[in-house]
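First comes the structure, then the notes that go with it.
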Amino acid sequence: MDEDILKKLKKDEDGLSTYEYIANNIGNCDDIMPQLIANIINVDRNGQFAVSTARYLNAIDKDRYASEIDSLIKAAIEKDRERNYIPDLLGSIWGADYAERVDELNADDNFRRIYKRVYPVGI
């Protein structure tokens, strides 16, 4: 059955269907989560669904899905050249007080790269 689902989701054009599948089956699709994440990264052209999925997985269980969240954030940084979606990651992933903890959070490469892109003179 997993192969049928993955085959269907390979036809996903932008990542929305894969995101919806994860959201509707969280906890029941962990065995194919690496393939689902790879599919989002592959088809999401502008980082929208990579950001949404990272935020969702972080809200569900940031420790359990840490590897997937990291991969999605890295992909979003590369894809969201217009900075339409990655700013949402700052508060969602690193907390509402991220601006007060910039020095501390700069140790995280993903945070540093996003913050530098969103606030080019901030670092």
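The values are calculated or read from the model by the stated rules, or taken from the named source; none is laboratory data. Keep in mind that this is a model prediction, so the values were computed, not measured. Don't worry about glycine lacking a Cβ; one is built from the backbone with ideal geometry, like all the others, and counts go over all protein chains shown. The area values use the complete protein model at the heavy-atom level, side chains included, leaving out ligands, DNA and RNA. Shrake-Rupley method; radii C 1.70, N 1.55, O 1.52, S 1.80 Å.
Among the numbered conditions (1) more than 30 Å from Asp2 (Cα to Cα); (2) of a type in the set (Ser, Thr, Tyr); (3) free of Cβ contacts under 8 Å to residues at least 24 places away in the same chain, tell me where Tyr115 comes up short.
In the conditions (1) more than 30 Å from Asp2 (Cα to Cα); (2) of a type in the set (Ser, Thr, Tyr); (3) free of Cβ contacts under 8 Å to residues at least 24 places away in the same chain, Tyr115 misses (3) alone.
Within the group Ser52, Ser17, Ser92, which residue is of a type in the set (S, T, N, Q) and without any contact (Cβ under 8 Å) to a residue 24 or more places away in the chain? I'd like the intermediate steps shown before the answer.
Numbers: Ser52 fails: without any contact (Cβ under 8 Å) to a residue 24 or more places away in the chain; Ser92 fails: without any contact (Cβ under 8 Å) to a residue 24 or more places away in the chain.
Just one listed residue meets the conditions, Ser17.
Within the range 98-112, can you find the residues that are without any contact (Cβ under 8 Å) to a residue 40 or more places away in the chain and either open to solvent by 70 Å² or more (accessible area, probe 1.4 Å) or closer than 19 Å to Ile69 by Cα (or both)?
Tyr98, Glu100, Asp103, Glu104, Leu105, Asn106, Ala107, Asp108, Asp109, Phe111, Arg112
Please state which of the following conditions Ser52 fails to meet, knowing it meets all the rest: (1) buried (at least 20 other Cβ atoms within 10 Å of the Cβ); (2) at pLDDT below 95.
It fails just one condition, (2).
From the list Arg81, Arg101, which residue is out of contact with any Cys (no Cβ under 9 Å at 6 or more places or on another chain) and in a loop (DSSP other than H, G, I, E, B)? Walk me through it before giving the result.
On the way: Arg101 fails: in a loop (DSSP other than H, G, I, E, B).
Arg81 is the lone residue from the list that is out of contact with any Cys (no Cβ under 9 Å at 6 or more places or on another chain) and in a loop (DSSP other than H, G, I, E, B).
In this structure, does Ala75 turn out to be modelled with pLDDT of 95 or more and within 24 Å of Val118 (Cα to Cα)?
Details: modelled with pLDDT of 95 or more: yes; within 24 Å of Val118 (Cα to Cα): yes.
Yes: the conditions hold for Ala75.
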